[in-house]
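Novice: Just dropping this structure here.
The values are calculated or read from the model by the stated rules, or taken from the named source; none is laboratory data. Treat the numbers as computed from the prediction; the structure is a model and nothing was measured. Positions of Cβ are backbone-derived with ideal geometry, glycine not excepted, and every protein chain shown enters the neighbour counts.
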Amino acid sequence: MSQTKVLAADIIRHVGGKDNVKSVFHCATRLRFKLKDEQKANPEALKNHDGVITVVQSGGQFQVVIGNNVPYVYKDVVEAGGFQTSSNDDTEKTGVFNRLIDVIAGIFTPILGPMAGSGLLKGLLAILVALDLLTQDMGTYIVLNAAADALFYFLPVILGHSAAKKFGGNPYIGMIIGGALVYPAIVAMQGAGESLSFLTVPVVLMSYASSVIPIILAAYVSSKVETFFNKHTHEAVRNFTTPMMALLIVVPLTFLAIGPVATYASQGLAGGYSFLYELSPIAAIAFIGAFWQVLVMFGLHWGLVPIIINNLAVVGMDTIVVGVLMATFGQVGATLAITLKARDPKTKGLGTSSTIAGVFGITEPAIYGLTLPRKKPFVFGMVGGAAGGVVGGMLGTAAYAMGGLGVFSIPVMIPATGLDMTFYGALIGMAVAALVSFGLTFAFHKEAVPTETSPRVEPAPVLTDHIGTPVSSPVKGEVVALETVRDEVFSSGAMGKGIAIMPTEGVVYAPFDGEVVTIYQSKHAIGLRSHSGVEVLIHVGLDTVQLGGKHFESFVTDGQQVNEGDVLVKFDLEAIAKAGYDTITPVIVTNTGNYLDVLPTHVGVVEPNHDVLRVLA
């Protein structure tokens with residue numbers, strides 16, 4: 001039995017059994033029961049259930065808040081209780097490429113922060129060794145190196161957790177499989193060149209420390225094995241038989257087939273990139289320097305993250321990171337030029353903060369606030385990034401660990417042999433990238449001069465610097481704090497962080513370029529996912545699901561690609577209010593847990609083109 005089926009059975013039991021249910025349907029986040037006798041229900045037991053966020057009893061409804069998985073739980077509740085259905089099958093429709101990017105982002109996003117911190121520590125140790133302040137046989141170095149290198153050495157264990165979680169498996173089973181790959185006895189046999197067999201079948205012993213692809217594939221296979229045994233095993237023994245069978249099948253299979261095949265694939269991937277790099281190091285890094293920011297805008301940079309990590313694991317170095325550094329400082333130079341030429345105080349203020357943020361690797365403020373709207377400076381930034389990439393390619397600059405962004409990536413470009421021209425190539429390339437883009441922007445971009453008589457669009461007032469992925473307002477109205485919403489599911493942040501808007505116009509617009517994940521049958525709520533993976537729920541009004549779609553008109557379908565500003569839904573604001581419903585509209589980042597933070601960036605009256613949230617990765 002699957003996890004959702006188990007949850008469905010528990011929900012039915014705790015609402016007083018299927019005979020106590022008059023009807024059940026679901027909205028964007030919750031199951032809504034009408035019960036014959038609410039006294040028979042056990043809300044406290046449901047609130048303590050792992051699959052339930054909370055329980056709300058309001059308006060004659062017993063509401064079980066599930067979150068994004070509510071369509072799947074609802075389907076199993078209907079099946080288990082024999083209830084009539086009253087909503088669509090909301091199965092996600094995504095293309096293969098989008099699914100691949102989503103999988104990569106879901107697996108690597110949770111570990112990028114710790115990975116960058118570990119890489120910076122390795123870079124710091126390299127600096128201390130290069131300056132003869134530490135030697136590799138000193139106790140201080142050994143302890144700090146263990147802290148810096150642990151994540152990379154045990155990467156299969158860590159990726160086992162995040163990959164299993166992404167594929168819907170047990171994260172701890174994923175960790176155990178990863179641990180088996182780096183188990184000391186097997187590592188020792190591989191290092192000594194000894195042979196090993198499993199049931200007379202020879203095992204190809206390979207080093208899986210710091211590997212990426214083998215554990216991801218193993219976690220995927222394990223998730224399927226777990227699903228099979230959960231479905232075909234009695235619930236009384238499922239908790240231990242499923243993990244046992246998953247380990248019994250997947251670990252040997254990984255050593256015999258998945259691991260070697262994936263390792264050869266990893267080596268082939270690294271070799272393919274190395275081949276292209278050897279053909280023209282200059283062209284390879286220059287290309288990344290020019291187009292990295294474009295890839296980021298469309299969320300396609302996630303496709304390169306595994307290649308970076310794989311290069312570090314297989315080759316011991318990576319040059320894509322060098323191009324990223326040059327792309328960053330290309331935009332910094334263009335932004336600085338705009339700032340110096342601007343006469344508008346608001347542009348100068350935004351430019352100053354954006355330039356500082358760019359130096360530390362956060363380029364979104366510069367791109368979305370300054371260079372991209374002006375077009376030419378963004379292109380000049382690309383040219384500067386390419387120029388810096390040429391320098392890095394000529395001098396053989398490379399990264400030797402995952403580091404931070406911007407200047408924080410510099411320490412990881414120190415080779416084991418110490419400071420040399422390959423390292424100085426990073427510094428020179430940064431300077432060239434910034435100077436080229438600065439010079440071109442300063443010479444060829446004309447900044448508009450604001451006058452009292454010429455109208456111009458004022459930037460939205462913000463509470464914080466423009467840092468992070470932006471989410472525009474989906475409706476016109478007035479921004480209020482999420483805590484003011486008269487629904488504890490939203491106001492408590494249980495569904496995720498965000499804001500709420502009191503709408504003054506009955507139109508919902510797309511807040512970013514992305515995909516419609518779910519448009520509910522009642523049309524009162526819509527779930528979206530940006531190309532970068534940010535998932536947003538727009539919920540028009542409170543309890544408006546009970547209108548059954550009345551006063552709402554939808555213009556999109558599940559799986560449809562949308563651009564920022566596209567009309568998604570129209571609604572009759574006055575009619576909904578006259579029907580007695582609160583029209584306040586929560587805008588929630590439902591996968592808040594995947595990010596460092598979600599910050600409100602606007603107060604007061606808001607237009608659909610104004611940013612209202614920034615999602616910090």
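Novice: With T397, T371, T417 as the choices, which residue is touching a Phe, Trp or Tyr at 6+ places or on another chain (Cβ under 8 Å), β-branched (V, I, T) and under 21 Å from F152 (Cβ atoms)?
Specialist: T397
Novice: Can you tell me which residue in segment 583-598 is farthest from V508 (Cα to Cα), limited to those that are modelled with pLDDT of 85 or more and assigned to a strand (DSSP E or B)?
Specialist: Checking each candidate, the answer is V598.
Novice: Checking E235 against (1) surrounded by fewer than 19 Cβ atoms within 10 Å (Cβ to Cβ); (2) part of a helix (DSSP H, G or I); (3) assigned by TED's automatic domain parsing to the domain that holds F167, which single condition isn't satisfied?
Specialist: All conditions pass for E235, except number (2).
Novice: Going through segment 218-249 one residue at a time, which ones are among the polar types (S, T, N, Q), over 12 Å from F167 (Cα atoms) and modelled with pLDDT under 90?
Specialist: Result: N230, T233, N239.
Novice: What residue, among those in segment 481-512 that are of a type in the set (G, A, S) and not in a strand (DSSP E or B), is surrounded by the most Cβ atoms within 10 Å (Cβ to Cβ)?
Specialist: Ranking the qualifying residues of segment 481-512, first place goes to A510.
Novice: Search segment 198-216 for residues being β-branched (V, I, T) and in a loop (DSSP other than H, G, I, E, B), and hand back the single one that is surrounded by the fewest Cβ atoms within 10 Å (Cβ to Cβ).
Specialist: By that ranking, first place goes to T200.
Novice: Filter segment 565-580 for residues that are among the aliphatic types (A, V, I, L, M) and within 13 Å of I519 (Cβ to Cβ); which is surrounded by the fewest Cβ atoms within 10 Å (Cβ to Cβ)?
Specialist: Restricting to residues being among the aliphatic types (A, V, I, L, M) and within 13 Å of I519 (Cβ to Cβ), the top hit is V567.
Novice: From the set of residues in segment 27-45 that are within 16 Å of N69 (Cα to Cα) and not charged (D, E, K, R), which is modelled with the lowest pLDDT?
Specialist: A28
Novice: Tell me which of these L276 doesn't satisfy, since it passes every other one: (1) over 21 Å from I177 (Cβ atoms); (2) among the hydrophobic types (A, V, I, L, M, F, W, C); (3) within 28 Å of the chain's Cα centre (by Cα).
Specialist: Failing condition for L276: (3).
Novice: Looking at A116, A148, which is the one that is at pLDDT below 75 and more than 30 Å from V489 (Cα to Cα)?
Specialist: On inspection, the qualifying residue turns out to be A116.
Novice: Could you tell me how many of the residues in segment 198-246 are of a type in the set (K, R) and free of Cβ contacts under 8 Å to residues at least 60 places away in the same chain?
Specialist: 1
Novice: Answer yes or no: is there a residue in segment 495-518 that is touching a strand residue (DSSP E or B) at 6+ places or on another chain (Cβ under 8 Å), within 19 Å of Y72 (Cβ to Cβ) and of a type in the set (G, A, S).
Specialist: yes
Novice: OK, next. With respect to A8, determine if the residue is closer than 28 Å to D558 by Cβ, at pLDDT 85 or above and not aromatic (F, W, Y).
Specialist: For A8, the condition - closer than 28 Å to D558 by Cβ, at pLDDT 85 or above and not aromatic (F, W, Y) - is met.
Novice: Scan segment 546-564 for residues that are in contact with a strand residue (DSSP E or B) (Cβ under 7 Å, 6 or more places away or on another chain) and either crowded, with 22+ Cβ neighbours inside 10 Å or among the charged types (D, E, K, R) (or both) and jot them down.
Specialist: H551, F552, E553, D558, E564
Novice: Restricting to segment 392-443, what's the tally of residues that are under 13 Å from A327 (Cβ atoms), hydrophobic (A, V, I, L, M, F, W, C) and more than 29 Å from the chain's Cα centre (by Cα)?
Specialist: So the count comes out to 2.
Novice: Which of the residues that make up segment 38-78 are assigned to a helix (DSSP H, G or I), without any contact (Cβ under 8 Å) to a residue 12 or more places away in the chain and within 29 Å of the chain's Cα centre (by Cα)?
Specialist: Across segment 38-78, the qualifying residue is only K47.
Novice: If you check every pair at least six apart or on different chains, which have Cβ atoms under 9 Å apart with a residue in segment 172-197 that is assigned by TED's automatic domain parsing to the domain that holds S223 and more than 23 Å from A219 (Cα to Cα) first and a residue that is of a type in the set (S, T, Y) and surrounded by 13 or more Cβ atoms within 10 Å (Cβ to Cβ) second?
Specialist: Once the first residue is assigned by TED's automatic domain parsing to the domain that holds S223 and more than 23 Å from A219 (Cα to Cα) and sits in segment 172-197, its partners that are of a type in the set (S, T, Y) and surrounded by 13 or more Cβ atoms within 10 Å (Cβ to Cβ) give G191/S207.
Novice: Something else: Output the residue which, of all residues in segment 331-360 that are outside any helix (DSSP H, G or I) and modelled with pLDDT of 80 or more, is surrounded by the most Cβ atoms within 10 Å (Cβ to Cβ).
Specialist: A342
Novice: Closer than 30 Å to L7 by Cβ, in contact with a helix residue (DSSP H, G or I) (Cβ under 8 Å, 6 or more places away or on another chain) and among the small types (G, A, S), is that true of A148?
Specialist: Here the answer is no, as A148 does not meet what is asked.
Novice: Tell me the strands (runs of 3 or more DSSP E) entirely within segment 517-582 that contain at least 2 residues that are modelled with pLDDT of 90 or more and under 26 Å from the mean Cα position of the chain (by Cα).
Specialist: Filter on segment 517-582 gives 525-530, 535-539, 567-571.
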